Amino acid sequence: MGVTKLWTLLVDACQNDITVSSLHGQTIAVDLSSWICELKKIQIAQAIPNLYLKNLYYRTTYFMKHGIKLVFVEDGTAPAIKKAALAQRNKNRVTSLDRIGLKTISEKCRELFNKLGLPCIQSGGEAEALCAQLNHAGIVDGVLTSDGDSLLYGAQKVYRNFKMDVGTVDCCDMIEVEKKLNVDRRGLIAMAMLSGCDYDKDGVQSVGVQKAYEFVQLCTKLGVDPLKRIMTWRTNSELKTLQKVRESPQKKPSHCNVCKHLGTKPDHFKNGCVPCDTEQSCDQDNQVSCTCDSCTVDFHKFELNMREKALRDPGFPNHMIIDEFLQSTKELPSHQLKWKPVNVPSLKSFLQNQIRWTNVEFFNKISELLVILQVNGMEWAVSEKLKPVRIVKKSTLKKTPSVIVEWKKLSIDNVTENSQVITVSEENFSRHYPSMLQEFNRRKEEEKAQKLEEKNANKKGKKRKDTKSNKGQRSITDCFAITKKARRSPTPPVKHTESFSEEDIDHITITRPKKARRSPTPPVKHTGSSSEEDIDHITITRPKKTRSAIATGKHACSSNQIYDNDDHTAFTPKVRSSPFKHASSSKQMFDIEHTSFTKKARSSPSKHSSRSTEDCDVIVID
């Protein structure tokens, strides 16, 4: 519990939410009873057997993983002055534990700490008292507790409000308290006597922590020790005299309204003021206070009121309470603090019996703990070091650059796989295995450079897909590329060396549609009597066996179009002499050239057509 509402006053002097990782390398004493009370509240809320032991394991190993050495301190025999407070607590057993129940739980906790290799010592009295003594003597760097009594016992640095989910604690440093609040340890003890504490729950009636703090500040102005001041309230002759003056029926004498000293303004104007050291008038800016009894009573009015309330209790001040808090100045009992490696086989049996962990669960958790301990500067806690096999990849764990590493398993582990994948801090890993991390970084840089080179090569077109080896449909990009290239460079006409004789040509139909007349095809020169205007439709028959020879390709001639009857493929015969006469030497009638219609050709009218399609004659050649 500690001093009543003390933390509300010290909040401005405390550092809130400092990371546990920033405490790396420190040795911290833990008030075990404080942890047990917190964990038992969770136990009652969830009703799971031995849940507090499971949470205690996680909480303890959390600090170990951050390179913090813990010392646990158990409560001993409660001081005689605390009996009344303990009796009040025992009335509410749901949220509080009596000393007998606390001792039973502490034994299981001590067994867990022993298997983790952590020291656990027992105090002769209050656990926070011994924790403060260890801190005051410089054996530990701080105290981890929720009670404020540790500061009164002499602790220099107290950590509280541990939040495991975010990994932070609040820190109260006595150096900052003295600097910002102008109160030291003895002033805190005086405040505990006035506002209440574990040993005197009520304190002085109607005096809270704020009024107690104001009294300490008044003592600082007077230049007196606040603890010594309240201890002499019953015997202080000055305060007794002031109390009598206050209780006397005499009226307050006149004071100058300029300098506030004894006398009047006209009197000071004529004869001067002794406290102001003037022969005439007075000094308004004089800082000398009036020393008359009435002014002195007004100055001590706050203290006199508090003294009057405190002395109503015949047992005030309780010197036993003061002696209890000041015991840290005594000689510290000898305790040998030793940290040992984690006893893996013994810890396995304990956790399986108490928490019901399976073999796989235990080895997964203990392997992770040992690996993090050995890379985080806690090699003394590892009896068998695990060796890294390879680095899987880099990652970020709670905003910390980390590496996922594959490790060899423990020698006694015969249930899990051959290796364990565990994430550790990249900075800690690099301190122990720099060459492995450098090799991993080098390999990743090479892979990155190779991917970048391939990407650039694909952009420049240096690397093309082998379309011949890829069977099936072409990709859409290849189709676009081929179409674009075809548009830019038209295909030249194909010249065929194969000729068709007169006997092969049996039936050819030459048709000139309206749109075809508009194509800018040069006119065909005829040697016969028929002109171009007279030929609109020519039908030539040929045997069926040679019909496929002409219909094998789609062709267009340089003048009129020839269409096959089966698929309307366009051909253009080039007439050498006359469309009605055959060449005698080679008997060759046509040379077929390949061309195609274009949009422009369809739209431009023929220069040599003088008649419409309706006026065309049909000529049939047999």
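For Cα pairs less than 8 Å apart in space and 6+ apart in sequence, what is the mean separation divided by the residue count of region 351-444, i.e. the relative contact order in percent? Before the final figure, lay out each step's value.
On the way: 115 pairs, mean separation 22.2, N = 94.
In percent, rounded to a whole number, it is 24.
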- Message: Can you give me the long-range amide H partners of Thr278? Hydrogens built in the peptide plane at 1.01 Å from N, cutoff under 5 Å, separation of 5 or more residues or another chain.
- Response: Cys273
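Could you sort 237-250, 266-279, 139-152 so that the peptide with the highest average Cβ count within 10 Å comes first and the rest follow in order?
On the way: 237-250: 12.1, 266-279: 14.9, 139-152: 25.1.
Top of the packing list down: 139-152, 266-279, 237-250.
For region 92-210, what is the charge dipole size about the Cα centre, in debye to the nearest 20, if Lys and Arg each add +1 at the Cβ and Asp and Glu each add -1 at the Cβ? Let's see the in-between values first.
On the way: 14 positive and 17 negative charges, 48 e Å.
The calculation lands at about 220 debye.
Return a whole-number percent for the relative contact order of region 219-363, with Cα pairs under 8 Å and 6 or more residues apart as the contact set.
Details: 91 pairs, mean separation 22.0, N = 145.
Relative contact order for region 219-363 comes out at 15 percent.
As an exercise, identify the trypsin sites (Lys or Arg not before Pro) in region 171-231 lying in DSSP coil whose Cβ has no more than 15 other Cβ atoms within 10 Å. Intermediate values should be presented prior to the final figure.
Values: sites: Lys179, Lys180, Arg185, Arg186, Lys201, Lys211, Lys221, Lys228, Arg229; in loops: Lys201.
Here the trypsin sites (Lys or Arg not before Pro) that fit, given the DSSP loop and packing criteria, are Lys201.
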- Item | Probe 1.4 Å, accessible area per residue of region 382-437, Å² | 62
- Task: Please report the relative contact order for region 103-168, taking Cα pairs under 8 Å with a sequence separation of at least 6, and give it as a percent rounded to a whole number.
- Result: 23
- Determine the per residue accessible area of region 266-350 with all protein chains present and a 1.4 angstrom probe, expressed in square angstrom. 65
- Item | Protein accessible area in region 137-227, 1.4 Å probe - carbon and sulfur % | 45
- Distance in nm between Glu111 and His319 label points, each 7 Å along Cα→Cβ, equals 4.6
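Rounded to the nearest 0.05, what FRET efficiency do Glu427 and Lys455 have when you use their Cβ-Cβ distance and R0 = 41 Å? Before the final figure, lay out the partial values.
Working: r = 32 Å, r/R0 = 0.78.
So, using R0 = 41 Å, E works out to roughly 0.80.
Full extension from Ile42 to Thr241: what is 0.36 nm times the residue separation minus their Cα-Cα distance, to one decimal in nm? Please list the in-between numbers first.
Details: separation 199, 0.36 × 199 = 71.64 nm, distance 5.66 nm.
Full-extension gain reported as 66.0 nm.
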- Message: If packing is taken as the average count of other Cβ atoms within 10 Å, what order do 168-174, 451-457 fall into, highest mean first?
- Response: 168-174, 451-457
- Between Ser402 and residues 5 or more places away or on another chain, which pairs have amide H atoms under 5 Å apart, with H built 1.01 Å from N, and which residues are they? Ser395, Thr396, Leu397, Glu426
- What is the dipole size for region 290-369, taken about its Cα centre, with +1 at each Lys and Arg Cβ and -1 at each Asp and Glu Cβ, in debye to the nearest 20? 680
- For each pair in Lys251/Lys309; Lys179/Lys228; Lys69/Lys385; Lys180/Lys338; Lys41/Lys179; Lys387/Lys444, compute the distance between the two Cα atoms and list the pairs where it is over 28 Å. Lys180/Lys338; Lys41/Lys179
- Expected vector for region 7-24, Karplus 3J(HN,Hα) from phi with 6.51, -1.76, 1.60 and θ = phi - 60°, integer Hz, x for Gly and Pro, equals 5, 5, 7, 8, 4, 6, 9, 9, 9, 9, 6, 8, 6, 5, 4, 6, 8, 4
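The values are calculated or read from the model by the stated rules, or taken from the named source; none is laboratory data. Every value quoted in this text rests on a predicted model; they were computed, and no experiment measured them. Don't worry about glycine lacking a Cβ; one is built from the backbone with ideal geometry, like all the others, and counts go over all protein chains shown. Only protein heavy atoms, including side chains, enter the accessible area calculation; ligands, DNA and RNA are left aside. Shrake-Rupley method; radii C 1.70, N 1.55, O 1.52, S 1.80 Å.
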